[in-house]
Amino acid sequence: MAKITVYGAGSWGTALAVAMGKAGHEVALIGRNPQEMRLMNERRENLHYLPGVVLPQTVKATVDNATLGDTDMLILSVPSHSVRETAQKIRAFLNKGTIIVNTAKGLEEGSHKRLSEVLSEELPDNPIVVLSGPSHAEEVGKDMPTTVVVASQDTTAAETVQDIMMTPKFRVYTNPDTIGVELGGAFKNIIALCAGFAEGLGFGDNTRAALMTRGIAEITRLGVALGGNPLTFAGLSGVGDLIVTCTSQHSRNRRAGIALGQGKPLDQVLQEVGMVVEGIRTTKVAYELSRQYGISMPIVEQAYQVVFEGADPKAAVSALMMRGKKHEIEEVAQIAMENSDYNARLQRNQ
């Protein structure tokens with residue numbers, strides 16, 4: 001059994017605290033609001049973010065950062081735009097060598113850095129592991145079978161996290177491709193937004209399937225250009241997370257896309273969702289990266305036009321459908337070649 005601290009008492013942080021508490025670990029769940037944490041301890045439930053899920057007695061809600069000094073593993077569950085600031089706040093409380101597991105799915109605006117890079121800069125004395133995959137908090141909290149993937153430049157740290165977090169209902173795989181795992185988890189939110197646009201416009205399964213299939217092709221193109229292994233994007237943090245985020249009623253990115261497709265303004269949409277919609281910020285970063293690297297990403301481009309330029313979602317779908325003729329298999333062959341190149345580089349570096 002381990003001592004685990006979960007920093008961030010939103011829906012995902014609470015769900016992971018519940019899962020780890022049920023596994024017998026001693027869990028401290030750190031939030032910001034003293035009154036909310038007190039009520040959570042009294043009622044054994046996070047009424048605001050994860051209603052209906054009972055907190056086991058092994059989970060204690062707190063606002064005391066001093067808890068960080070007595071933990072074997074820290075699960076960081078804050079929005080992507082808060083990762084650097086949070087790392088700076090908690091740095092003084094952490095012991096050297098404590099494993100940090102980041103669960104946010106996004107990239108840093110401005111710098112375009114992956115969140116593991118941000119954490120490595122701010123917490124150089126701590127191994128950084130990233131967790132991704134198809135895992136809605138609502139289902140993890142209710143003990144529904146879920147599989148995720150962890151990745152790190154420190155193989156031992158990733159395997160330690162796998163050992164600690166694995167339960168009969170929460171299966172953890174490892175992957176050495178940190179870049180691919182992070183980028184797949186971040187970029188799929190953009191495609192989920194677009195799937196929501198289509199649903200809000202009244203389109204059906206054919207449109208959603210097209211967006212998902214062509215979307216993973218775009219994600220893979222940019223991910224490989226940034227150093228990821230193309231095979232990673234066919235795994236849990238790529239296709240797996242894409243499927244669940246584009247189709248689930250729990251997906252806040254899909255819900256936000258539906259509202260935008262119905263013509264609601266962005267400010268109203270974000271207020272109605274009530275939680276961070278990571279795909280909004282990531283759309284901007286991915287659009288800027290695609291232009292920087294000269295990568296063709298027509299779905300991302302249209303998402304950017306809708307979200308940040310006020311374009312009509314229906315016109316965006318029309319623009320995608322009326323693009324010039326393409327040959328799908330050429331792209332598949334290119335990905336296969338890039339995978340071969342990636343494996344050759346990997347062998348040379350070993």
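When Cα extents along the principal axes in Å is computed from the coordinates, the matching label among (i) 59, 53, 46; (ii) 59, 51, 36; (iii) 61, 44, 35 is (ii).
Charging the Cβ of each Asp and Glu at -1 and of each Lys and Arg at +1, and nothing else, the dipole of region 179-346 about its Cα centre rounds to 160 debye. Under the combined filter of DSSP loop state and at most 15 neighbouring Cβ atoms within 10 Å, region 176-275 retains none of its GluC sites (Glu not before Pro).
Of the DSSP beta bridges with both residues in the chain, give the percent that are antiparallel, rounding to the nearest 5. Expressed as a percentage, antiparallel bridges in the chain total about 20. Take the chain and mark each of the trypsin sites (Lys or Arg not before Pro) that is in a DSSP loop with at most 12 other Cβ atoms within 10 Å; the longest unmarked stretch, sites excluded, is 97-322. Annotation: the residues Y49, Y7, sorted from fewest to most other C-beta atoms within 10 Å of their own C-beta, follow the order Y49, Y7. Counting only lysines at least 8 places from K89 when in the same chain, those with an alpha carbon closer than 27 Å to its own are K3, K60, K105, K113, K284. The 3J(HN,Hα) values that the Karplus relation (6.51, -1.76, 1.60; θ = phi - 60°) gives for region 159-170 are, in residue order, 5, 5, 4, 4, 5, 6, 8, 5, 9, x, 10, 9 Hz. Gly and Pro appear as x. Each Cα pair under 8 Å and six or more residues apart adds its separation to the average, and for the chain the resulting relative contact order is 14 percent.
Where q = 0.17 Å⁻¹, what log10 of I(q)/I(0) comes from the Debye formula for region 3-176, counting one point per Cα? Those come out to -1.03, one per q.
If the only charges are +1 at each Lys and Arg Cβ and -1 at each Asp and Glu Cβ, what is the size of the charge dipole of the chain around the Cα centre, to the nearest 20 debye?
The dipole magnitude comes to about 400 debye.
Any idea what the relative contact order of region 90-230 is, in percent, if you count C-alpha pairs under 8 Å spaced at least 6 apart? Across region 90-230, relative contact order equals 20 percent. Computed from Cα positions, the angle between helix 252-261 and the longest principal axis of the chain comes to roughly 40 degrees. Of the residues S82, A210, Q262, the one whose Cα sits farthest toward the positive end of the charge dipole of the chain, with +1 on the Cβ of Lys and Arg and -1 on the Cβ of Asp and Glu, is Q262. For region 79-147, the list of GluC sites (Glu not before Pro) that fall in a loop by DSSP and count at most 15 other C-beta atoms within 10 angstrom reads E109.
Classify region 77-182: rounded, prolate or oblate, from the alpha-carbon gyration tensor (a ≥ b ≥ c, eigenvalue square roots; a/c under 1.5 rounded; otherwise prolate if a/b is larger than b/c)? Verdict is prolate for region 77-182.
Computed from the coordinates by the stated procedures, all read-outs in this text should not be read as laboratory data. In this text the structure is predicted, and so the values were computed from the model without any measurement. In this analysis, Cβ positions are derived from the backbone assuming ideal geometry, glycine residues included, and neighbour counts consider all displayed protein chains.
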